[in-house]
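**Student:** Mind looking over this structure? Questions follow.
The values are calculated or read from the model by the stated rules, or taken from the named source; none is laboratory data. Quick caveat: nothing in here was measured; it's all calculated off a predicted structure. Please note: Cβ atoms are built from the backbone with ideal geometry, for glycine as well, and neighbour counts cover all protein chains shown. For the accessible areas, the whole protein counts, side chains as well, though only heavy atoms, and no ligand, DNA or RNA atoms are used. Shrake-Rupley method; radii C 1.70, N 1.55, O 1.52, S 1.80 Å.
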Amino acid sequence: MKILFYGDSNTWGYDAKDASRQKNRFTQMIKQAFSEHEIIEEGLCGRTLCLDDPYDEDRNGAKMISMVLKTHAPVDVVFIMLGTNDAKRQFSTNAISIEKGIRTLMYKALNPEIYRDGSNTPQFFVVCPPKMNINGLKNERTKSNFGQNGFEILNNTKPYLEKGCSGLDVKVIDTHAVAGSLDGIHMDESGHKLVADALISVIKEL
């Protein structure tokens, strides 16, 4: 199988300690568990569900998903883990924005035009972004970027993601991962392992 992981800095493997890329990120753990499958990492720091970042237009997940799917076609399975950056204060969003955002992105991803070459539509899974670590609010940068409202949004994304995906034959997975304590947004190795273990179980059932 060809399995695509589409996400933000947590999929990329951003390490809050030094801004480097973690070697033991969840996609690499999954790759080690399934050497027979092709694992594609499409993580971009700052990527949103469907919002235009004024500092980088390529971060809009809904606008880029079609290109990514076409680039790697044919793809069998897609895991989407986005929503963290949508909770930033600069976007003035709320929990319902997560619902609308994932629906906007999924409409783009399921567009039949993408599969005109005869390839099958992939099986899609939406993964809840990690919950914000409460210690993140002690981090000045995180507090400024996300604030209390961002904390509340990220600690209850599943019902909104499920509502946004209703009727689309897309399963929402909550790994119950919590971001690390350094910045409260990015997962440390234990968080990556939790996500990896949960998704490995899903892949084994496919």
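**Student:** Whole-Hz ³J(HN,Hα) for each residue in segment 16-23, computed from phi via Karplus 6.51 cos²θ - 1.76 cosθ + 1.60 with θ = phi - 60°, x for glycine and proline: what do you get?
**Tutor:** Going residue by residue, I get 5, 5, 8, 6, 7, 9, 5, 6 Hz, with x marking Gly and Pro.
**Student:** Taking H placed 1.01 Å from N in the peptide plane, check which residues at least 5 places from residue 123 or on another chain put their amide H under 5 Å from its amide H.
**Tutor:** 77, 78
**Student:** Can you give me the long-range amide H partners of residue 173? Hydrogens built in the peptide plane at 1.01 Å from N, cutoff under 5 Å, separation of 5 or more residues or another chain.
**Tutor:** Under 5 Å from the amide H of residue 173: 126, 127, 128.
**Student:** Would you mind getting me the FRET efficiency between residue 100 and residue 34? Use the beta-carbon distance for r and R0 = 35 Å, nearest 0.05.
**Tutor:** Efficiency, from the Cβ-Cβ distance: 0.55.
**Student:** Which distance in nm do the two modelled labels at residue 67 and residue 144 give, with both placed 7 Å along the Cα-to-Cβ direction?
**Tutor:** Placing both labels 7 Å beyond Cα along the Cβ direction yields 2.9 nm.
**Student:** Taking amide H positions as placed 1.01 Å from N in the peptide plane, with prolines and chain starts having none, which residues 5 or more places from residue 178, or on another chain, fall under 5 Å of its amide H?
**Tutor:** Long-range HN contacts for residue 178: 131.
**Student:** Picking from 52, 76, 18, which is most flexible by a Gaussian network model of the chain using Cα springs under 10 Å?
**Tutor:** 18
**Student:** Could you check which residue among 186, 37, 176 shows the biggest mean-square fluctuation in a GNM of the chain with a 10 Å Cα cutoff?
**Tutor:** With Cα springs under 10 Å in the chain, the top fluctuation among 186, 37, 176 is at 37.
**Student:** With a ≥ b ≥ c the root eigenvalues of the C-alpha gyration tensor of segment 154-206, is it rounded (a/c under 1.5), prolate (a/b larger than b/c) or oblate?
**Tutor:** In terms of gyration-tensor shape, oblate.
**Student:** What are the ³J(HN,Hα) values, in whole Hz, obtained from phi via the Karplus relation 6.51 cos²θ - 1.76 cosθ + 1.60 with θ = phi - 60°, for each residue of segment 46-60 in sequence order, with x given for Gly and Pro?
**Tutor:** x, 5, 10, 5, 8, 9, 7, 7, x, 9, 6, 5, 6, 7, 6
**Student:** With Rg and Dmax of the Cα atoms in Å in mind, check (1) 32.8, 103; (2) 15.9, 51; (3) 19.4, 78 and report the label derived from this structure.
**Tutor:** Structure-derived value, by its label: (2).
**Student:** Right, here's the next one. Projecting each Cα onto the charge dipole of the chain (Lys/Arg +1, Asp/Glu -1 at the beta carbon, about the Cα centre), which of 69, 181, 1 comes out farthest on the positive side?
**Tutor:** It is 181, whose Cα lies furthest towards the positive end.
**Student:** Looking only at 59, 116, 141, which one moves most when the chain is put into a Gaussian network model with springs between Cα atoms under 10 Å?
**Tutor:** 116
**Student:** Shifting gears a bit: Expressed as a whole percentage, what fraction of the accessible surface of segment 6-86 belongs to carbon and sulfur atoms when a 1.4 Å probe is rolled over the protein heavy atoms?
**Tutor:** Summing carbon and sulfur atoms, their accessible area is 46 percent of the total for segment 6-86.
**Student:** What distance in nm separates the two pseudo spin-label positions at residue 116 and residue 2, each 7 Å out from Cα along the beta-carbon direction?
**Tutor:** Roughly 1.8 nm, to one decimal.
**Student:** Against the longest alpha carbon principal axis of the chain, how many degrees, from 0 to 90 and to the nearest 10, is the axis of helix 189-204 turned?
**Tutor:** 20 degrees
**Student:** Modelling each spin label as a point 7 Å along the Cα-to-Cβ direction, I'd like the residue 198/residue 171 distance in nm, to one decimal.
**Tutor:** 1.3 nm
**Student:** May I ask you to give the solvent-accessible area per residue for segment 1-143, in square angstrom, as obtained with a 1.4 angstrom probe?
**Tutor:** It amounts to 48 Å² per residue over segment 1-143.
**Student:** With a sphere of radius 15 Å drawn around the Cβ of residue 159, what net charge do the other residues whose Cβ falls strictly inside it have (Lys, Arg +1; Asp, Glu -1)?
**Tutor:** +2
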